[in-house]
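Notes follow the structure.
The values are calculated or read from the model by the stated rules, or taken from the named source; none is laboratory data. Computed from a predicted structure; not experimentally measured. Quick reminder, even Gly has a Cβ in these numbers, built from the backbone with ideal geometry, and neighbours come from all protein chains shown.
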Amino acid sequence: MGVVAKIGHNRWFASLADEEHALQIETADVSLIGHREENQDRVAIAAAEQAVLLMVIDGMGGHADGARAAETALSTILEAFWQSPHPIFDPMSFLHLALGKAHEEVVKLGSALSAEARPRATCAVCLVQDSAAYWAHVGDSRIYQLRQTQVLERTRDHSHVEVLLREGLITEAEVHGHPMRNYVECCLGGDAALPEMTISSRRKLKPGDVLLLCTDGLWANLKDQDFVRFAQSNGKPLRDSLNDLGTQAVEASAPYSDNTSAAALRWKAA
């Protein structure tokens, strides 16, 4: 199966994606099916007058109803965003509560199923307001903050390989080929207990900064310099640059590429 472009329902409730906004931003999203039979990723960009929410959700294909888990998590978090006054008063608490609610809703989907069959998903969420970004993730969906020629920040996966890397037992170069690379230690759904989630503090944005949220289908076969080149578009629309990055990721892992999805935002000015 070849590369297929964005599926029609991957931007529920999205607003003003791929356009300039009052906050002086440029946004884009992409979702490619890769070489899978189904796209279980979901992507959304929701833009209000004083706040923007970006999100990628990766339904875990090894479990039943991965796509349904992703859709449920997406709609739950978007509902929380639209029901909140903007700018959001306490961004970190908002992210914690929204992810907790999404986990609860995904758990409900599998309440009658055996533990191994329950729907699950990983996710990355980023809130932009007041010239700053706040983000949270569960599992191995990632968030990058790119500035000029460097990866300024990158979330650390909730995965066994990330633990090995953090403890110095493997090197960064060994991550990509590690046999346990896809082993995720926590996710939305499955067990009722709240999963581990990492929530950032306030990250100040400078003009030209790019925020990139992506599923493991995108980052798994790319290197930091690929992300830096993506951010340095030299006047190229962000949408085109992101489409190119997604296609590069799919081709890098052909013919076994995973669903490959991302949402991006370029901060232009305060």
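What to note about this one:
- The condition (being at negative phi, among the charged types (D, E, K, R) and free of Cβ contacts under 8 Å to residues at least 24 places away in the same chain) is satisfied by just one residue among ASP90, ASP41: ASP90.
- Considering only residues in segment 239-267 that are surrounded by 17 or more Cβ atoms within 10 Å (Cβ to Cβ) and β-branched (Val, Ile, Thr), the one that is nearest to GLN145 (Cα to Cα) turns out to be THR260.
- Criterion violated by LEU205 - all others in (1) modelled with pLDDT under 95; (2) within 27 Å of PRO91 (Cα to Cα) satisfied: (1)
- Conditions (1) modelled with pLDDT of 95 or more; (2) crowded, with 16+ Cβ neighbours inside 10 Å: number failed by ASN221: (1)
- For segment 137-196, filtered to residues that are crowded, with 17+ Cβ neighbours inside 10 Å, small (Gly, Ala, Ser) and not in a strand (DSSP E or B), the residue that is modelled with the lowest pLDDT is GLY190.
- If you go through segment 199-242 and pick out every residue that is in contact with a Pro (Cβ under 8 Å, 6 or more places away or on another chain) and outside any loop (DSSP other than H, G, I, E, B), you end up with 0.
- Residues satisfying the stated conditions in segment 28-64, i.e. outside any strand (DSSP E or B) and either crowded, with 24+ Cβ neighbours inside 10 Å or touching a Ser or Thr at 6+ places or on another chain (Cβ under 9 Å) (or both): ILE33, GLY34, HIS35, ARG36, ASN39, GLN40, ALA48, ALA51, MET60
- Contacts under 7 angstrom Cβ, first residue in segment 219-242 being farther than 14 Å from ARG266 by Cα and touching a residue at least 12 places away in the same chain (Cβ under 8 Å), partner polar (S, T, N, Q) and not in a helix (DSSP H, G or I), 6 or more apart: ALA220/SER253; ASN221/SER253
- Any hit, segment 183-206, residues being among the polar types (S, T, N, Q) and over 20 Å from VAL52 (Cα atoms): no
- Test: residue in segment 86-102 that is in contact with a Leu (Cβ under 8 Å, 6 or more places away or on another chain), surrounded by fewer than 21 Cβ atoms within 10 Å (Cβ to Cβ) and not in a loop (DSSP other than H, G, I, E, B): yes
- Taking the numbered list (1) more than 18 Å from CYS187 (Cα to Cα); (2) in a helix (DSSP H, G or I); (3) at pLDDT below 95 in turn, PHE81 passes all entries but (3).
- Options GLY61, GLY66: the member that is out of contact with any Gly (no Cβ under 6 Å at 6 or more places or on another chain) and farther than 27 Å from ARG266 by Cβ: GLY61
- Criterion violated by SER114 - all others in (1) touching a strand residue (DSSP E or B) at 6+ places or on another chain (Cβ under 8 Å); (2) modelled with pLDDT under 95; (3) polar (S, T, N, Q) satisfied: (1)
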